[in-house]
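This report refers to the structure that appears directly beneath it.
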Amino acid sequence: MCLSIPSKVVQIDEDNVAVVETLGVKRKVCLDLIAEPVSVGEYVLIHVGFAMEKIDTAAALESLEIYKQIADEMASGEIDENDGDIGLADMVSEK
């Protein structure tokens with residue numbers, strides 16, 4: 001399963017490559033797979049170096065808050081990194 005964290009577009013060059021910021025980390029992604037225009041300041045969901053779709057700013061900010069809350073709770077030990085595993089790790093290790 002792939003989990004995409006909303007990324008804010010901070011720069012777009014002439015080759016349709018954007019610099020996006022995701023929780024403080026900047027990376028380049030290709031915008032060619034998005035049919036609609038993307039502007040600096042908008043949020044996108046990315047997968048392996050490609051922006052897959054734009055996401056509404058309010059939904060992106062709400063999602064980012066939830067990710068930050070989970071990260072804070074994991075850092076404080078409130079949530080164990082194995083909570084919610086549903087046994088998938090055991091299934092993989094059995095193979």
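Nothing in this text is a laboratory measurement; each read-out follows from the coordinates by a stated rule. Since the model is a prediction, treat every value here as computed from it, not as a measurement. When we count neighbours, we look across all protein chains shown, and the Cβ atoms used for this are built from the backbone with ideal geometry, even at glycine.
Summary of values
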quantity	calculated
FRET E, pair residue 40, residue 82, Förster distance 30 Å, beta-carbon r, rounded to 0.05	0.15
Formal net charge of residues neighbouring residue 58 (Cβ-Cβ distance under 15 Å; K, R +1; D, E -1)	-2
Using a Förster distance of 22 Å, the FRET efficiency for residue 33-residue 13 (Cβ separation, nearest 0.05)	0.85
Net charge over other residues, Cβ less than 11 angstrom from the Cβ of residue 17 (K, R count +1; D, E count -1)	-2
